[in-house]
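I have placed the structure first, in the form of structure tokens, so that the comments after it can refer back to it.
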There are 2 protein chains.
Amino acid sequence: MSKLMDMPKESGYAAWLHYSRNSKVEKLPAWCRVIVVHGTDEVLQSAASELQHGLTSMFGQQPKISAVPVNTPFIALGTFPEHPLVAERFSAKEQAEVSAEGYRIRGIEMPDPAYSASHGNDDIKGQYVTIAGQTSKGVLYGVFHLLRYLQGGLDGKLKPTTESVHVPILDQLSNPANSIRMINHWDNMDGSIERGYAGGSIFYDNNAFTTNMERLRDYARLLASVGIQALSINNVNVHQVETELITDKFLPDVAKVAAVFRAYGIQIYLSINYASPIQLGGLTTADPLEPAVAEWWQTKAQEVYAAVPDLGGFVVKADSENRPGPFSYGRHHADGANMLADALQPYGGRVIWRCFVYNCKQDWRDRKTDRARAAFDHFKPLDGLFRENVILQIKNGPMDFQVREPVSPLFGALESTQVLLEFQIAQEYTGQQKHLCYLVPQWKEVLDFDTYAQGKGSTIKRIVSGALHSPKHTNYGIVAVSNIGADTNWTGHLLAQSNLYGYGRLAWDPDLSADEIADEWVRLTFGRQGNSDGGTDLISTLKQMLLDSWNVYESYTAPLGVGWMVSPDHHYGPDVDGYEYSMWGTYHFADCWGIGVDRTTATGTGYAGQYFSPNTDIYESTDTCPDELLLFFHHVPYTHLLHSGQTVIQHIYDTHFEGAERAAHLRDTWVSLRGQLNAAMYEQVLERLEHQAEHAKEWRDRINTYFYRKSGIADQKDRPIY
Amino acid sequence: MSKLMDMPKESGYAAWLHYSRNSKVEKLPAWCRVIVVHGTDEVLQSAASELQHGLTSMFGQQPKISAVPVNTPFIALGTFPEHPLVAERFSAKEQAEVSAEGYRIRGIEMPDPAYSASHGNDDIKGQYVTIAGQTSKGVLYGVFHLLRYLQGGLDGKLKPTTESVHVPILDQLSNPANSIRMINHWDNMDGSIERGYAGGSIFYDNNAFTTNMERLRDYARLLASVGIQALSINNVNVHQVETELITDKFLPDVAKVAAVFRAYGIQIYLSINYASPIQLGGLTTADPLEPAVAEWWQTKAQEVYAAVPDLGGFVVKADSENRPGPFSYGRHHADGANMLADALQPYGGRVIWRCFVYNCKQDWRDRKTDRARAAFDHFKPLDGLFRENVILQIKNGPMDFQVREPVSPLFGALESTQVLLEFQIAQEYTGQQKHLCYLVPQWKEVLDFDTYAQGKGSTIKRIVSGALHSPKHTNYGIVAVSNIGADTNWTGHLLAQSNLYGYGRLAWDPDLSADEIADEWVRLTFGRQGNSDGGTDLISTLKQMLLDSWNVYESYTAPLGVGWMVSPDHHYGPDVDGYEYSMWGTYHFADCWGIGVDRTTATGTGYAGQYFSPNTDIYESTDTCPDELLLFFHHVPYTHLLHSGQTVIQHIYDTHFEGAERAAHLRDTWVSLRGQLNAAMYEQVLERLEHQAEHAKEWRDRINTYFYRKSGIADQKDRPIY
């Protein structure tokens, strides 16, 4: 493992892979003293090496890696085709149940209670732990599963037993729900990260690639450990320098980075500049229907794939927020995406085409244009026109990663187009990793949302996995914007690691609950750390902090789904009118009488009509629209009664007073755990929670004062408003 | 002259010193074919060289410079003590009327109508034009006066005649009203300019001094031509690199720059970091009463003056907006300033100490603290405690260069302290040189304001010139923040050159009217340029544009003196609540009932009580408070009736609709002049005026919509509000 992993545990660098020494176990348990691996595949080697490292770290003794079975218990790692000892533990049916990147783990059969004493057995059949996959990637994921189990004494599905560290009795099958489980980096080559809140880029500095490959490898390990297998390594806003990533100037560097991640089963993607034929090729146009343009991209693809033969493909933000695209030439997005897709097709490359296309030069005076409608209006008419290797990337909501939005109506509406659901792990609008905001509950709501696209049960998770419309296609899945940077603890706020962890786990298995994921992450991160061995109180208290945090953050920020009450540009801190008179299509229309955006079909922008029934009807009426989305869909008087029985204005006051109190409570809860945490970890989190508690008061007072001054309606409880 | 002066006239580089060829005069008039100079003083040499250059440029032939008189008419340049031919033209009384930096110009006596034909005269007495001063600086200013007269065919006091270009019959005495006529640069060594709107710094780039001394010299010429004689060359916010300006690292560069400006009679000042003893000296304190600190500064002053013997002194922003200062050590500002003054005193150096001291971490919830009070509250108690070489620099208003503020009550309140009045030529809050805003009318209002400090007639101009309190002291005057940068035309907006010109002229003579100054500048800049010879229509139309522009800008921005409705940080464009919930002490307190800041003594912050009677009473009551300052002093309902007879809310609507129309009219007026202007100058200004017209609409709609939404009161004329 990298030298960086030797950093003190309390730095947070090792994150959930810290594999602290298990003080209850004196030496390496017998069953894991030898790892038997067949095959030279580098991902398999990574798997073996990870297992060896994890066991050594936890048990204080290094297991041997062997190519041949031994006469004592061991762990067999390998794929069904390549490792006979692995294959023989599973029936043909059992093997067939494993998907391309899935795995099976099987423990030692019929464990002999006296085994741990006797330590010997002539018949090795069944006397070994098996981690098996169709591919070495599956084996790697299986290894991380076993390590999670040993490290946390837990598994999402299996509860720990005392014996388990001695003799794993696992019998586990796990297949990823989503074929594509991706992370987007918005890193720029100058070392900055667009919407980065944890330091600079780990990939670049000063317009060159990093030389710190150890850090990249540790990042690959973190990602692989939660099943991520795709990574775009540069900002979707492709600036001048980054445009050259697909040229000789940088392709050798891209190849080096790809090699690091390849060893962990992760495919690299590049974000490209749609205008590259002009900027790099000297053409006068980037028109997708111009043969010279298509030809330029074909030649370019050949060059790129010569350097990185297994490149995942291109990520494209076109005609969006001032980026160039096919609109410039009167073409539609299928023209643009397909032209690129044809160029990548010979190499198995994909085009991931973002649907974040809207008019960002909107006149705030114009109440008819509705940014929320834009993705649907642009892409629904193109359904079915895209090549097999094009995937449309759709943000979870119609706006932009607000703390509360409805689900994008494009999910389900596209029936014959492969899609990726885009989340944002980076807390751009949710406290920027200064505030605690565990986002898994939000993501779960999205994934579990029923679109009714093909009747009841047409959930988002079934749509984005392909299960609903096209179960045979594998160009489906989930992608998310990274929250990591060069900060030692990766995410700035140590507890924000839970979002990276949770995202990966959820992309693998969207049926995991937010609670289960929080439980795993807390145990892995805080179990056997600091002054405590992760007792029940610590675990459950931390878990509750995480589970409460999204709701806490929502309660003191923009109310009832209206969004956007943040400082322009940097998006941190309250500014109720910050986006009210802007070009960004992001308004609340508060006046002295009321607030909200009328998106109904009857009297508003018609956005509510983009959903399938019954959602469209639910949103259309204030009688049925959920309170938390009321102001997203309706403009109502401050005196409008919510389903909660409270008026809108009193709800604003109440939630903001309570929210600030709850933020203070998060801090107090942390303080109450002081004795159970090591000092350095305690301090780094405390600083953020203290800031959050103060900043929540600022949110409270600014929002409340704004609405009191505007409405003239006093708080029923007469609390201080300015 | 510099090669840079060869840039095309239409670039605007030569500004009001372009000296275009006078096509009505075929050759060099006889009276100016020889310039007779006595003395080797470098400022006198600059004067001669400027005169030679100007005449050559205007008349197409180069005059000779001679050390001895000739037998034909000539121009005599020199000081009374050094140039006998100069001295003999003036009586002792006439000579005594000239102050240190003043001048006299006397034309050829009893001009012979046939003179221009005869071209000869044995008796040279009176047959020469004389430019005289007590010092060479006076002579230099006299030269620029003559050139102004010849170039524009005008003078503030004298009207042009056809004959004047042939035979000047001037008899002119001019003394500057203010001993100090200074410009502050807010340039940083990285090349940026804080509040710079015309490109980067001409002094620095990339943390080093410029090597473009020609540009600096041309800047010195522009400044000297309007009488500026002091210049601080770095930002008052002294960052890390700039802290080292007073060290060996940069002093040789400072000396080079000082030499360039010295030749034009301009003294250089440096802004210093109050914490230098710590940051440079390795001391643990910067306490002004700590002997080691005083000693450090004494040694430092010796070092600095060894490098630049005529350095003007130090400019200090202490205890202001996060800058260090004596408050850190529980000392007052006189302690801090005097300690520095003692260090500079042996070298004749001055300490210019800024009074822009206030709490910039104010809680917006606290309505009792009033930033407007701060300068008075901090410095009035210190009156009389400062050394002879300390000057307090006071911004014109109590806030910060808003489009409309009352005059700072500190003027007049300080009776035994020397003061500098600080203006801002840079249009930080007045359109950032994208909007036209000729500021001379605003400055005139300030200068003519009667403080009643010593009864009627105690005008600001008499206070800042020293005339009111201390006519013998010369450490009085006016300073202003520069509006120039590396843009070819110096000021970004070509017409913003009028503010630099106007500032200099006003600092010399505060009795000049805004109209006179505009007239001069327009004639000098647009006379004999482009397709026109500067006909009456062009001149008067352009002048009217300038004279209207401040009022136009005010009309569509923050209403009735309340200020601050700009985007935070960059201060450009409307954002009504942009500063409402900030720490900067800058609020309007608008709610659904009314708006304004109660600064009365009776019910408010008491700020109005800082003025002398009758001003204090005038401001205290809404009955007498001028409309344009109403919201600065009072919180009133939207339905409050102004003296104009209009309600506050209707006034807001009316001025904003009219303001946007008037901004469009500025553009239309410019367009109407197209035929009379050369294309390049026309286009560069048109672009800005078009932007202004559009941006004024944005201001109109945002301000009107904000107040309509907040007040719920409709426009009486039912114009579009959103």
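Overview of results
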{"item": "Cα Rg, Dmax, region B:431-493, angstrom units", "result": "15.9, 48"}
{"item": "Per-residue average of Cβ from other chains inside 10 Å of B:574-581", "result": "5"}
{"item": "Per residue convex hull volume, Cα atoms of region B:185-299, in Å³", "result": "114 Å³"}
{"item": "Heavy-atom surface of region B:371-503, accessible at 1.4 Å and reported per residue (Å²)", "result": "24 Å²"}
{"item": "Under 28 Å from the Cα of B:Lys543 - lysines, other chains or at least 8 residues apart", "result": "B:Lys9, B:Lys24, B:Lys157, B:Lys159, B:Lys395, B:Lys434, B:Lys444, B:Lys461, B:Lys697"}
{"item": "Percent of Cα pairs exceeding the 26 Å cut-off, where the set is region A:556-685", "result": "38 percent"}
{"item": "Å³ per residue enclosed by the Cα convex hull of region B:494-628", "result": "178 Å³"}
{"item": "Principal-axis tilt of helix B:497-508 within chain B, Cα atoms, nearest 10 degrees", "result": "80 degrees"}
{"item": "Fraction of accessible area attributable to carbon and sulfur, chain B (%, probe 1.4 Å)", "result": "50 percent"}
{"item": "Residue-span extension gain [B:Ala259 to B:Lys380] - 0.36 nm each, minus C-alpha spacing", "result": "39.8 nm"}
{"item": "Using alpha-carbon coordinates, inclination of helix A:679-711 to the longest axis of chain A, degrees", "result": "20 degrees"}
{"item": "All-pairs Cα distance distribution in region A:434-538, expressed in whole percent, bin size 10 Å", "result": "14, 37, 30, 15, 5, 0"}
{"item": "Mean separation of Cα contacts under 8 Å (6+ apart) over length of region B:534-670, as relative contact order %", "result": "25 percent"}
{"item": "Per-residue mean of C-beta atoms belonging to partner chains within 10 Å, peptide B:691-701", "result": "1"}
{"item": "Where N is the number of residues in chain B, Cα Rg divided by 2.2 N^0.38 Å", "result": "0.98"}
{"item": "Under the Debye formula (equal points on every Cα, no solvent term), log10 I(q)/I(0) of region B:406-450 at q = 0.17, 0.20, 0.34 Å⁻¹", "result": "-0.59, -0.75, -1.28"}
{"item": "Chain B: relative contact order as a whole-number percent, Cα under 8 Å and 6+ apart", "result": "11 percent"}
{"item": "Burial ranking of peptide ranges A:175-186, A:284-295 (average Cβ count within 10 Å, highest at the top)", "result": "A:175-186, A:284-295"}
{"item": "Percentage, to the nearest whole number, of Cα pairs in the protein assembly as shown over 69 Å apart", "result": "20 percent"}
{"item": "Nearest-0.05 FRET efficiency for B:Val25 and B:Asn71, computed from C-beta distance (R0 30 Å)", "result": "0.80"}
{"item": "Buried area at the B-A interface (accessible, heavy atoms, 1.4 Å probe, summed, Å²)", "result": "2200 Å²"}
{"item": "Cα gyration tensor of region A:585-649 - equivalent ellipsoid semi-axes, whole Å, descending", "result": "19, 15, 8"}
{"item": "Relative contact order of region A:370-511, defined on C-alpha pairs under 8 angstrom at six or more residues apart (%)", "result": "23 percent"}
{"item": "Nearest-0.05 FRET efficiency for B:Thr247 and A:Trp593, computed from C-beta distance (R0 56 Å)", "result": "0.35"}
{"item": "D_trans [Stokes-Einstein, Kirkwood Rh over alpha-carbon pairs] for region A:207-250, 37 °C, 0.692 mPa s, µm² s⁻¹", "result": "267 µm²/s"}
{"item": "Region A:649-722: projected area of the alpha-carbon convex hull, averaged over directions, in nm²", "result": "5.0 nm²"}
{"item": "Fraction of beta bridges assigned by DSSP in the protein assembly as shown that are antiparallel (%, nearest 5)", "result": "25 percent"}
{"item": "Ratio of the Cα radius of gyration of region A:384-429 to 2.2 N^0.38 Å, where N counts its residues", "result": "1.27"}
{"item": "Rounded Å value of the spacing that divides the Cα centres of region B:315-348 and region B:478-512", "result": "29 Å"}
{"item": "Kirkwood Rh (inverse of mean 1/r, distinct Cα pairs), region A:295-432, angstrom", "result": "16.1 Å"}
{"item": "Beta bridges per DSSP with both ends in region B:375-527, % antiparallel, nearest 5", "result": "10 percent"}
{"item": "Average beta-carbon neighbours from other chains, 10 Å sphere, peptide B:582-591", "result": "1"}
{"item": "Label point 7 Å beyond Cα along the C-beta direction, distances from A:Thr369 to other copies (nm, shortest first)", "result": "4.2"}
{"item": "Region B:382-487: Cα Rg divided by the 2.2 N^0.38 Å rule of thumb", "result": "1.12"}
{"item": "Translational D in µm²/s for region A:478-518 (Stokes-Einstein at 37 °C, 0.692 mPa s, Kirkwood Rh from C-alpha pairs)", "result": "303 µm²/s"}
{"item": "Between 0 and 90°, nearest 10: helix A:648-672 axis offset from chain A longest Cα axis", "result": "30 degrees"}
{"item": "For chain B, calculated [θ]222 nm from helices alone, where every DSSP H run of n ≥ 4 adds -39500 (n - 2.57)", "result": "-10500 deg cm²/dmol"}
{"item": "Tail weight of P(r) past 17 Å, computed on alpha-carbon pairs of region B:1-75, percent", "result": "49 percent"}
{"item": "Between region B:45-102 and region A:616-654, the Cα center-to-center distance that results, in Å", "result": "83 Å"}
{"item": "Buried on assembly, region B:339-372 (at least 30 Å² less accessible surface than by itself, 1.4 Å probe)", "result": "B:Trp364, B:Arg365"}
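The values are calculated or read from the model by the stated rules, or taken from the named source; none is laboratory data. Worth saying up front: this structure is predicted, and the values here are computed from it rather than measured. Cβ: placed from backbone, ideal geometry, glycine included. Neighbour counts: every protein chain shown. These accessible areas exclude ligands, DNA and RNA; they are computed on the full protein's heavy atoms, side chains included. Shrake-Rupley method; radii C 1.70, N 1.55, O 1.52, S 1.80 Å.
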